[in-house]
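Asks: Just dropping this structure here.
The values are calculated or read from the model by the stated rules, or taken from the named source; none is laboratory data. Keep in mind the model is a prediction, meaning the values are calculated, not measured. Positions of Cβ are backbone-derived with ideal geometry, glycine not excepted, and every protein chain shown enters the neighbour counts. Ligands, DNA and RNA are excluded from the accessible area calculation, which covers all protein heavy atoms including side chains. Shrake-Rupley method; radii C 1.70, N 1.55, O 1.52, S 1.80 Å.
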Amino acid sequence: MNIFEQLQQLSPVKRELYRLLLDKEGIDISLLPITRREESNAPLSYVQQSLLFLKQLVPESTAYNREHALCIKGDLDISSLKQSLQYLLQRHDILRTGYVIEDTVARQYVRQDIDINLDVIDLSHLDANAALTEAIRMATEESVRPFDLSSGDILRTALYQLGQNDFIFL
């Protein structure tokens, strides 16, 4: 068992004391790798059960969709953005978690093989107002599309290019 696995087995109080000792030595514990759960088919938390129940009750609901748009002005390395998003997806299991019902029991599973899909929509051929209007229309349309909770693909991204150095990231 390595040091990271041993750390994960400590109680929260002991882990905090250990963190304080490491801080005193100038070691940042947040830089340690996150260990993955061995179990790939775990029971759902109460909140996850509620979400799955509501999704079964109203499958087309988008009540829990959360969309955010970010305006980016300037040079943008799209491949670096995609690489960063892929790293984020790999780092956080919850973004790759799907939900299934087996023998009337709801379970969660974490997909290991998922790739981020960054849709790049080039609207730079339109004038500035038309490009912005079209980006807003497309983003609004995307925001009301429900997620399939069974797929484990619960993060959707899009990049609307309005001009050479003008983007909206959704």
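Asks: In terms of the ratio Rg/(2.2 N^0.38 Å) built on C-alpha atoms, what value belongs to the chain?
Replies: Numbers: Rg = 20.6 Å, N = 170, 2.2 N^0.38 = 15.5 Å.
Against the empirical 2.2 N^0.38 Å value, I get 1.33 for the chain.
Asks: What is the spin-label model distance, in nm, from residue 92 to residue 67 if the labels are put 7 Å beyond Cα along the C-beta direction?
Replies: For residue 92 paired with residue 67, the spin-label model returns 1.9 nm.
Asks: Shifting gears a bit: For the chain, what is the accessible area per residue in Å² when the probe is 1.4 Å? Present the calculation step by step, with values, prior to reporting the outcome.
Replies: On the way: 11780 Å² over 170 residues.
Ligands and nucleic acids excluded, the figure is 69 Å² per residue.
Asks: Which value at 222 nm does the chain reach when only helices count, each DSSP H run of 4 or more adding -39,500 (n - 2.57), with the total divided by all residues and rounded to the nearest 500 deg cm²/dmol? Could you put the intermediate results ahead of the total?
Replies: Values: 5 runs with 62 residues, N = 170.
Calculated from helices alone, the mean residue ellipticity at 222 nm is -11500 deg cm²/dmol.
Asks: Figure the gain on full extension for residue 155 and residue 28 (residue separation times 0.36 nm, minus the Cα-Cα span) and round it to one decimal in nm. Mind showing how you got there, number by number?
Replies: On the way: separation 127, 0.36 × 127 = 45.72 nm, distance 2.91 nm.
Here the answer is 42.8 nm.
Asks: Quick one: net charge of residue 151's neighbours, Cβ under 14 Å, K/R +1, D/E -1?
Replies: On the way: positive: 55, 96, 111, 145, 156; negative: 113, 115, 148, 153.
With Lys, Arg at +1 and Asp, Glu at -1, the net is +1.
Asks: So, one more: Over the chain, what relative contact order in percent results from Cα pairs under 8 Å that are six or more residues apart? Display every interim value, and only then the final one.
Replies: Numbers: 191 pairs, mean separation 44.8, N = 170.
Once divided by the residue count of the chain, the mean separation gives 26 percent.
Asks: Need one number: nm distance between label points at residue 75 and residue 47, each 7 Å from Cα along Cα→Cβ, rounded to one decimal.
Replies: Taking the two extended label points, one gets 4.0 nm.
Asks: What dipole magnitude, in Debye to the nearest 20, does region 18-170 give about its Cα centre under +1 on Lys/Arg Cβ and -1 on Asp/Glu Cβ?
Replies: Working: 15 positive and 23 negative charges, 93 e Å.
Taking the Cα centre of region 18-170 as origin, the dipole is about 440 debye.
Asks: In the neighborhood of residue 89, defined by Cβ-to-Cβ distances under 9 Å, what is the net charge if each Lys or Arg adds +1 and each Asp or Glu adds -1? Each step should come with its number before you reach the end.
Replies: Values: positive: 91, 96; negative: 115.
Surrounding charge for residue 89 is +1.
Asks: Still on this model: Leaving out ligands, DNA and RNA, what percent of the accessible area of the chain is carbon and sulfur, probe 1.4 Å? Present the calculation step by step, with values, prior to reporting the outcome.
Replies: Numbers: 6660 of 11780 Å².
Exposed carbon and sulfur together represent 57 percent of the surface.
Asks: Restricted to Cα positions, what overall size does region 35-105 have along the principal axes? Three whole-Å values, descending.
Replies: 51, 32, 16
Asks: With a/c under 1.5 counting as rounded, go ahead and sort region 76-170 into rounded, prolate or oblate using the C-alpha gyration tensor (a ≥ b ≥ c being the square roots of the eigenvalues; past the cut-off, prolate if a/b is larger than b/c, else oblate). Please report the intermediate quantities before stating the final value.
Replies: Working: a/c = 4.74, a/b = 1.94, b/c = 2.44.
Judged from the Cα gyration tensor, region 76-170 comes out oblate (a/c at least 1.5, b/c at or above a/b).
Asks: Give, as a single signed number, the net charge of other residues whose beta carbon lies under 13 Å from the beta carbon of residue 168, with Lys and Arg counted +1 and Asp and Glu -1. Show your work: numbers first, answer last.
Replies: On the way: positive: 73, 137; negative: 67, 119, 122, 134, 142, 166.
Value of the local net charge: -4.
Asks: Starting from the 7 Å offset along Cα-to-Cβ, what nm value, one decimal, do you get for the label separation of residue 10 and residue 105?
Replies: 3.4 nm
Asks: Could I ask something else about it? How many percent of DSSP beta bridges within the chain run antiparallel, rounded to 5? Walk me through the intermediate numbers first.
Replies: Working: 17 of 22 bridges.
Bridges in the chain that DSSP calls antiparallel: roughly 75 percent.
Asks: Roughly speaking, what is the stretch gain from residue 141 to residue 124, that is 0.36 nm per residue apart minus the C-alpha to C-alpha distance, in nm to one decimal? It would help to have the intermediate numbers written out before the result.
Replies: Numbers: separation 17, 0.36 × 17 = 6.12 nm, distance 1.96 nm.
Length difference between fully extended and current span is 4.2 nm.
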